[in-house]
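Shown next, in structure tokens, is the structure this report addresses.
The values are calculated or read from the model by the stated rules, or taken from the named source; none is laboratory data. These numbers come from a predicted model, not from an experiment. Neighbour counts are summed over all protein chains in view; Cβ atoms, including those assigned to glycine, are modelled from backbone coordinates with ideal geometry.
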Ligand code: UN1
């Protein structure tokens, strides 16, 4: 569809100014529910833009690290307040560029608000330790120190929440930022940066570059003046980033794939478990790294669970996320839709039983978007590819199990370890599961999604590399410990020797 007026071009934000990319190139950001709708043009950044952003962040760091943390916090408080004021507009823009339903987009903005207030509160804490020295007349303490320029590469599925998870702890700790948001969802990052600017973030402290991974993300991850990289995205890209960081021993936090599970025991409240499996499996069109893409169901309730779960999946209303009656939006783009379609073929070929869905939605209101029907495979075995690999779409595999022990084996028998859940009314089983599920997050009688910002977020195995986001764990990543000893004895005191 031709547009009468030239579309708006959203620029990079470098050293406190909105600037063109050096190449002058830009790309289209389109609505995944209606590709006729152009959300905006965004500049395509390359290495020279990255260099300019890093230079600005490096210069700004000299002053920002010395601003008292409670003062830095004031800017974050104002940012959170502006986000509250603009929540509705930002949520609508997010739905337009990402496709998630409006209620979820509001939740995404809310998650950024929560994180921003939380980290603002840290401005008057950032606790270290004081502890007695083993020697007389000697004082010992540890303090957190900032590190420098932090490169952030963020995904499209939580276009504002995830940038906030990285930016707010980095900022409160005294670091400066170069943010490269996903190519599909730069507008939400743009809004977040705009609000930080209005709240008074000093020039150069936050820099934003739009563009694709190879063009703009890779040069950030390799840049010699960027000692910290925080990435959320696929395990395949995470591996490339880790390798880019390795030669310089950059601090590197990776949040990657998941193949999360809901275990439904025979004593579960089935109504609750079905609600949870629908929300966990099809919320955000299954495009969460925490999505419940597997459900393991005890054989004694398997038949009933499956028939009711499939009925619910069938009745989900798919459509444009701005329509209040829509329950599930489109896939983010054509490539993601193709991935979903190819996994559905894989599932059929490996003998899984397709119980509903399995097709693209293309007619009528779906003609201009990347829509796919909510899909359920039953009678799956734990080693099928559709039960092992992350699909990142509206596809749930249901696996029958005989016992809790088998459920736990199935749960742990994947390369990922982000989130897991158990539905049971037996407290002993619930506790056993929380102990034996080897994941970063465990839920009891709740689905695999819905993490809160003041608790650590992340996973084991190929989901992560040992770091956690959110909570104080995020501060741990964006600071380094400095241990300080002050000897006021006026003589040489030798630890481990003079006190023996
Ligand atoms: C993600 O899927 O990348 O717990 C993040 C949740 C959300 C965050 C998900 N609060 O599902």
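Working only within region 83-128, note down all residues that are assigned to a loop (DSSP other than H, G, I, E, B) and within 16 Å of the ligand (Cβ to nearest atom). Don't jump to the end; show me each part of the working.
Here is the first cut: in region 83-128, the residues assigned to a loop (DSSP other than H, G, I, E, B) are 86, 99-101, 123-128.
Matches in region 83-128: 99, 100, 101.
Across region 452-461, what is the number of residues that are surrounded by fewer than 21 Cβ atoms within 10 Å (Cβ to Cβ) and assigned to a loop (DSSP other than H, G, I, E, B)? I'd like the intermediate steps shown before the answer.
At the first step, the residues of region 452-461 found to be surrounded by fewer than 21 Cβ atoms within 10 Å (Cβ to Cβ) are 452, 454-456, 460-461.
When the remaining residues are screened for being assigned to a loop (DSSP other than H, G, I, E, B), the result is 452, 454-456.
Going through region 452-461 one residue at a time, the tally reaches 4.
Can you give me the number of residues within region 407-422 that are touching a helix residue (DSSP H, G or I) at 6+ places or on another chain (Cβ under 7 Å), more than 16 Å from the ligand (Cβ to nearest atom) and under 18 Å from residue 276 (Cα atoms)?
Number of matching residues: 1.
Condition check ((1) assigned by TED's automatic domain parsing to the domain that holds residue 361; (2) under 14 Å from residue 200 (Cα atoms); (3) under 25 Å from the mean Cα position of the chain (by Cα)) across all residues:
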residue	(1), (2), (3)
69	no, no, no
75	no, yes, yes
84	no, no, yes
87	no, no, yes
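Could you tell me how many of the residues in region 441-463 are closer than 23 Å to residue 119 by Cα and in contact with a strand residue (DSSP E or B) (Cβ under 6 Å, 6 or more places away or on another chain)? Break it down stepwise before answering.
Let us first name the residues in region 441-463 that are closer than 23 Å to residue 119 by Cα, namely 441, 449-459.
Pick out the ones that are also in contact with a strand residue (DSSP E or B) (Cβ under 6 Å, 6 or more places away or on another chain) and you get 441, 451, 457-459.
Residues that pass the stated criteria total 5.
Out of all the residues in region 243-291, which are in a helix (DSSP H, G or I), away from the ligand (no atom under 16 Å from the Cβ) and either modelled with pLDDT under 95 or crowded, with 17+ Cβ neighbours inside 10 Å (or both)?
Quick first cut of region 243-291, residues in a helix (DSSP H, G or I) only: 243-248, 270-286.
Within this subset, residues satisfying the condition of being away from the ligand (no atom under 16 Å from the Cβ) are 243-248, 270-274.
Result: 244, 245, 270, 273, 274.
Listed residues 435, 425; which is out of contact with any helix residue (DSSP H, G or I) (no Cβ under 9 Å at 6 or more places or on another chain), modelled with pLDDT of 95 or more and part of a loop (DSSP other than H, G, I, E, B)?
Exactly one of 435, 425 is out of contact with any helix residue (DSSP H, G or I) (no Cβ under 9 Å at 6 or more places or on another chain), modelled with pLDDT of 95 or more and part of a loop (DSSP other than H, G, I, E, B), namely 425.
Residues of region 105-133 being out of contact with any helix residue (DSSP H, G or I) (no Cβ under 6 Å at 6 or more places or on another chain) and either more than 23 Å from residue 286 (Cα to Cα) or touching a residue at least 60 places away in the same chain (Cβ under 8 Å) (or both), which ones?
Taking region 105-133 as the starting set, the residues that turn out to be out of contact with any helix residue (DSSP H, G or I) (no Cβ under 6 Å at 6 or more places or on another chain) are 107, 110, 114, 118, 121, 125, 127-133.
114, 118, 121, 125, 127, 128, 129, 130, 131, 132, 133, listed by residue number.
Name every residue in region 118-132 that is buried (at least 17 other Cβ atoms within 10 Å of the Cβ) and in contact with a strand residue (DSSP E or B) (Cβ under 7 Å, 6 or more places away or on another chain), in order of residue number. Working first, answer last.
Within region 118-132, the subset buried (at least 17 other Cβ atoms within 10 Å of the Cβ) is 118-120, 122-123, 126.
Correct list: 126 only.
Taking the condition in contact with a strand residue (DSSP E or B) (Cβ under 9 Å, 6 or more places away or on another chain) and in contact (Cβ under 8 Å) with a residue 12 or more places away in the chain, does residue 188 pass? Let's see the steps before the verdict.
On the way: in contact with a strand residue (DSSP E or B) (Cβ under 9 Å, 6 or more places away or on another chain): no; in contact (Cβ under 8 Å) with a residue 12 or more places away in the chain: yes.
No, not satisfied.
Is it the case that some residue within region 348-369 is surrounded by fewer than 24 Cβ atoms within 10 Å (Cβ to Cβ), in contact (Cβ under 8 Å) with a residue 40 or more places away in the chain, within 24 Å of residue 235 (Cα to Cα) and not assigned by TED's automatic domain parsing to the domain that holds residue 96?
No.
Tell me the residue from 441, 391 that is under 27 Å from residue 267 (Cβ atoms) and within 16 Å of the ligand (Cβ to nearest atom), please. Even if it seems obvious, please write down each step before you answer.
Numbers: 391 fails: under 27 Å from residue 267 (Cβ atoms).
Among 441, 391, only 441 is under 27 Å from residue 267 (Cβ atoms) and within 16 Å of the ligand (Cβ to nearest atom).
Answer yes or no as to whether residue 470 is within 16 Å of the ligand (Cβ to nearest atom), under 28 Å from the mean Cα position of the chain (by Cα), assigned by TED's automatic domain parsing to the domain that holds residue 170 and closer than 25 Å to residue 253 by Cβ. Full working, then the answer.
Values: within 16 Å of the ligand (Cβ to nearest atom): yes; under 28 Å from the mean Cα position of the chain (by Cα): yes; assigned by TED's automatic domain parsing to the domain that holds residue 170: yes; closer than 25 Å to residue 253 by Cβ: yes.
Yes.
What number of residues within region 332-347 are more than 23 Å from the chain's Cα centre (by Cα) and either exposed (fewer than 13 other Cβ atoms within 10 Å of the Cβ) or over 29 Å from residue 186 (Cα atoms) (or both)?
Final tally of qualifying residues: 5.
Hey, can you tell me all the residues within region 456-467 that are in contact with a helix residue (DSSP H, G or I) (Cβ under 6 Å, 6 or more places away or on another chain) and either within 10 Å of the ligand (Cβ to nearest atom) or touching a residue at least 40 places away in the same chain (Cβ under 8 Å) (or both)? Walk me through it before giving the result.
As a first pass, look at region 456-467 and keep what is in contact with a helix residue (DSSP H, G or I) (Cβ under 6 Å, 6 or more places away or on another chain): 456, 462, 467.
Once the filter is applied, which keeps residues that are in contact with a helix residue (DSSP H, G or I) (Cβ under 6 Å, 6 or more places away or on another chain) and either within 10 Å of the ligand (Cβ to nearest atom) or touching a residue at least 40 places away in the same chain (Cβ under 8 Å) (or both), region 456-467 yields 462, 467.
Please go through region 438-450 and pick out each residue that is in a loop (DSSP other than H, G, I, E, B) and either over 18 Å from the mean Cα position of the chain (by Cα) or over 18 Å from residue 469 (Cβ atoms) (or both). Even if it seems obvious, please write down each step before you answer.
To start, the set of residues in region 438-450 that are in a loop (DSSP other than H, G, I, E, B) comprises 438-440, 445-450.
Hits for region 438-450 are 438, 445, 446, 447.
Regarding residue 93, is this residue buried (at least 20 other Cβ atoms within 10 Å of the Cβ), closer than 27 Å to residue 334 by Cβ and under 20 Å from the mean Cα position of the chain (by Cα)?
yes
Search region 277-300 for residues that are over 15 Å from residue 418 (Cβ atoms) and pair each with any residue that is part of a helix (DSSP H, G or I) and within 15 Å of the ligand (Cβ to nearest atom) when their beta-carbon atoms are under 6 Å apart and the residues are at least 6 apart or on different chains.
Close Cβ pairs (under 6 Å, with a partner that is part of a helix (DSSP H, G or I) and within 15 Å of the ligand (Cβ to nearest atom)) amount to 295/277.
Residue 77 passes all but one of (1) within 16 Å of the ligand (Cβ to nearest atom); (2) in contact with a helix residue (DSSP H, G or I) (Cβ under 7 Å, 6 or more places away or on another chain); which number fails?
So residue 77 meets the others, but not (1).
Anything in region 141-169 that is closer than 12 Å to residue 207 by Cβ and more than 16 Å from the ligand (Cβ to nearest atom)? List them, or say none.
The initial filter retains those residues of region 141-169 that are closer than 12 Å to residue 207 by Cβ, namely 149-152, 167.
Hits for region 141-169 are 149, 150, 151.
Surrounded by 16 or more Cβ atoms within 10 Å (Cβ to Cβ), touching a helix residue (DSSP H, G or I) at 6+ places or on another chain (Cβ under 7 Å) and within 19 Å of residue 284 (Cα to Cα): does that describe residue 310?
On the way: surrounded by 16 or more Cβ atoms within 10 Å (Cβ to Cβ): yes; touching a helix residue (DSSP H, G or I) at 6+ places or on another chain (Cβ under 7 Å): no; within 19 Å of residue 284 (Cα to Cα): yes.
No: the conditions fail for residue 310.
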